[in-house]
Amino acid sequence: MERLVFLGWNDTGAQKKFIIAPHKGQLTGVQGNFTPSSKKGICAFCHQDERVGLFKADIKARGNTDNFRAIGQYVCADSLTCSANTKSTARLDAFIEELKS
């Protein structure tokens, strides 16, 4: 774990992605739907040209517990490669912050 920026894995059967990352001094987990793409693209977290997919998480809208909204980013399909390529956690932190707010 000392060399990883975050730990992530895919559940291909359920089309889900799970990420555990340090955020504001503690480990934070996020999960969402993951739809792999057949093409390479720029990852939102590591900003490298890799095999990506759409990672989309649903969150409750503020002030209304009945409404949800989706937040999505194209991220690496291979989380270990993404973690190794990540030079700055700013994009990952911003994504987690948006999901948790």
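The Kirkwood hydrodynamic radius of the chain, based on inverse pair distances between different Cα atoms, is 13.9 Å. Loop-located trypsin sites (Lys or Arg not before Pro) in region 1-59 (DSSP state not H, G, I, E or B) with no more than 12 neighbouring Cβ atoms inside 10 Å: ARG3, LYS24. A dipole drawn for the chain from +1 and -1 charges on Cβ atoms has a positive end, and of THR35, ALA77, ASN67 the residue lying farthest that way is ASN67. Helical content alone sets the calculated 222 nm signal of the chain at -5000 deg cm²/dmol, taking -39,500 (n - 2.57) per DSSP H segment of four or more residues and averaging over every residue. Pairs of lysine residues in the chain that meet both criteria, 8 or more places apart or on different chains and Cα atoms under 12 Å apart, total 4. Accessible-area rank, largest first, for GLU98, GLU50: GLU98, GLU50, with all protein chains present and a 1.4 angstrom probe.
The values are calculated or read from the model by the stated rules, or taken from the named source; none is laboratory data. As the structure is a computational prediction, the values presented were derived from the model and not from experiment. We place every Cβ from the backbone using ideal geometry, glycine too, and count neighbours over all the protein chains shown. Quick note on the areas: whole protein, heavy atoms, side chains included, nothing else; ligands and nucleic acids left out. Shrake-Rupley method; radii C 1.70, N 1.55, O 1.52, S 1.80 Å.
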